[in-house]
Amino acid sequence: MADTYDMIVIGAGPGGYVAAIRGAQLGLKVAIVEREHMGGICLNWGCIPTKAMLRSSEVFHLMERAKDFGLSAEGIGYDLDAVVKRSRGVAKQLASGVGHLMKKNKITTVMGEAKLTGEGKVSVKTDKGTEELSAKNIVLATGARARNLPGLEADGERVWSYKHALQPPHMPKKLLVIGSGAIGIEFASFYNTLGAETTVVEVMDRILPVEDPEISAFAKKAFQKQKMTIMEKAIVKQLDREKGKVTAHIEVKGKVETHEFDTVISAVGIVGNVENLGLEEMGVKVDRTHVVVDEYCRTGVEGLYAIGDIAGAPWLAHKASHEGTMVAELIAGKNDVHPVRPESIAGCTYCQPQVASVGYSEEKAKEMGYEVKVGRFPFIGNGKAIALGEAEGMVKTVFDAKTGELLGAHMIGAEVTELIQGYVVGRQLETTEEDLMSAVFPHPTLSEMMHESVLDAYDRVIHI
């Protein structure tokens with residue numbers, strides 16, 4: 001006899017566990033199934049441990065600059081094992097917190113591998129055998145994993161995936177990072193700051209290809225200033241693995257070059273975890289390893305939803321969480337449920353300097369037919385940035401010239417991953433340029449640059 005619930009969530013990452021909690025808050029009887037880690041990849045092997053490691057490299061970078069602040073620090077160094085240990089401890093603390101939240105909200109947790117066996121039916125292979133569960137509504141939140149390209153597969157020794165890079169068997173001396181999205185650039189930034197001679201290869205015509213081209217160009221100059229080698233419009237065709245080294249065959253402008261490295265990190269995207277779930281038997285449509293859904297995350301199969309990375313871009317934890325909340329509210333019968341709009345989801349990259357954006361780039365807005373007004377403000381014009389010793393960066397805003405609607409915001413520099421939320425809220429509230437210009441920003445803060453960028457779009461900028 002199957003245990004019966006109102007909602008079963010498969011996957012306990014930031015999409016799944018949030019969906020489960022919101023469902024329980026609304027009075028639903030909820031079960032959640034997780035095959036590996038409570039908190040999913042984000043808490044255990046993604047967002048959180050990488051930020052802990054990046055914080056260590058950031059502090060190390062500041063220690064090296066002690067003289068700039070009138071301080072002295074001698075014998076500066078680091079213990080990579082201790083850096084990793086701290087990172088794993090942070091991840092463990094948060095993962096155990098998710099387990100506590102499940103108990104607090106009276107959510108049944110089943111550890112095992114789930115498979116859909118029919119409409120409203122889930123079979124779970126556990127350590128103790130097989131458990132049968134049933135529910136009118138099932139939410140797929142199985143996430144995604146690193147993409148492996150033929151010949152570039154990670155081996156954990158000299159060629160790493162993100163998991164290996166989070167628990168490195170050695171400190172790279174000469175590092176190749178394949179891919180310049182958020183994952184690749186964050187690892188490049190971390191290891192470069194700790195002293196690795198770092199090369200980044202990007203197949204597209206610019207690094208950080210999802211960002212506004214102006215921000216990408218700024219980032220490239222900043223990374224090159226940090227002695228990173230950036231290779232754009234380049235493809236790693238082959239990796240020859242030998243003891244202690246890897247020879248990379250890199251095609252640039254039609255010619256293949258060979259370069260030697262002692263370590264390679266492959267960060268060439270992700271694929272959805274859609275295998276062995278019984279999706280084909282259920283008639284669920286899958287496109288390029290991602291479940292096809294509508295704006296409300298419905299799969300087209302009655303009572304079956306898919307959220308987060310398995311449901312496609314943007315592959316961000318906060319997007320997954322909001323989709324989880326939305327689906328739980330739909331299942332509970334709430335009438336005022338609004339779909340998550342991808343263009344209102346901020347993206348953050350925690351490299352040095354940080355990068356953050358929301359909405360449309362200037363280029364995209366023009367492609368969509370908007371007449372735009374664009375404002376910019378440099379960090380060098382901001383008192384707080386100079387006082388912090390972080391005068392490298394800029395804020396860029398894009399407005400609809402006809403209506404004053406904030407179409408997009410793009411930032412690079414210190415703490416922009418915190419600042420971007422101001423523009424996210426502005427877009428959510430359908431703020432116009434007039435609202436932003438009349439708002440009073442506290443002084444001295446980095447946030448004043450957000451104000452000045454808006455003023456600049458309308459020829460009213462004060463401090464440049």
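Its Kirkwood hydrodynamic radius, worked out from the mean inverse distance over all distinct Cα pairs, puts the stretch 198-244 at 11.8 Å.
Most tightly packed first, judged by the mean number of other beta-carbon atoms within 10 Å of their residues, the peptides 312-320, 152-160 read 312-320, 152-160. Using only side-chain charges placed at the Cβ, +1 for Lys and Arg and -1 for Asp and Glu, the dipole size of the chain relative to its Cα centre rounds to 1060 debye. Scaled against the 2.2 N^0.38 Å expected of a compact globular protein of N residues, the Cα radius of gyration of the stretch 1-160 reads 1.38. Taking every alpha-carbon pair within the chain, the share separated by more than 31 Å comes to 49 percent.
Using a probe of 1.4 angstrom and keeping all protein chains present, the accessible surface of the stretch 39-131 works out to 61 square angstrom per residue.
Of the solvent-accessible surface of the chain, computed with a 1.4 Å probe over protein heavy atoms with every protein chain present, carbon and sulfur atoms account for 50 percent.
Classify the stretch 75-118 as rounded, prolate or oblate from the Cα gyration tensor: take a ≥ b ≥ c as the square roots of its eigenvalues, call it rounded if a/c is under 1.5, otherwise prolate when a/b beats b/c and oblate if not. Note, shape of the stretch 75-118 comes out oblate.
The stretch 392-413 and the stretch 16-40 have Cα centres lying 37 Å from one another. In the context of the full set of protein chains, the stretch 160-250 has a per residue accessible area of 42 Å² (1.4 Å probe). Protection proxy ranking, highest mean first, for peptides 254-262, 180-188, 164-172: 180-188, 164-172, 254-262, where packing is the per-residue count of other beta-carbon atoms within 10 Å, averaged.
Close amide H contacts of ALA144 (hydrogens built in the peptide plane, cut-off under 5 Å, sequence separation of 5 or more or a different chain): ASN273.
The length gained by stretching the chain between GLU371 and LYS255 to full extension, at 0.36 nm per residue less their Cα-Cα distance, is 37.7 nm.
Highest mean packing first, where packing is the average number of other Cβ atoms within 10 Å per residue, the peptides 66-79, 279-292 line up as 279-292, 66-79. Remark: the stretch 359-464 carries 47 Å² of accessible area per residue (probe radius 1.4 Å; ligands, DNA and RNA excluded). Converting phi to 3J(HN,Hα) with the Karplus coefficients 6.51, -1.76 and 1.60 and the offset θ = phi - 60°, the stretch 175-190 yields 10, 10, 10, 9, x, 10, x, 4, 5, x, 5, 5, 5, 4, 5, 4 Hz in sequence order, with x at every glycine or proline. Contact order for the stretch 314-363, expressed relative to its length and based on alpha carbon pairs under 8 Å spaced 6+ residues apart, stands at 28 percent. Under 19 Å of direct C-alpha separation, and excluding same-chain neighbours fewer than eight residues apart, LYS243 reaches these lysines: LYS173, LYS174.
The Cα center of the stretch 293-359 and the Cα center of the stretch 84-116 differ in position by 21 Å. Candidate cross-link partners of LYS373 among the lysines, defined by an alpha-carbon separation under 17 Å and a same-chain spacing of 8 or more, comprise LYS364, LYS396, LYS402. With 28 Å as the limit on Cα-Cα distance, the pairs of LYS85/LYS128; LYS85/LYS221; LYS163/LYS366; LYS106/LYS136; LYS67/LYS225; LYS237/LYS366 that go past it are LYS85/LYS128; LYS85/LYS221; LYS163/LYS366; LYS237/LYS366.
The values are calculated or read from the model by the stated rules, or taken from the named source; none is laboratory data. Keep in mind it's a predicted model, so treat the numbers as computed, not measured. Positions of Cβ are backbone-derived with ideal geometry, glycine not excepted, and every protein chain shown enters the neighbour counts. Ligands, DNA and RNA are stripped out before the accessible areas are found, and what is left, the full protein with its side chains, is counted by its heavy atoms. Shrake-Rupley method; radii C 1.70, N 1.55, O 1.52, S 1.80 Å.
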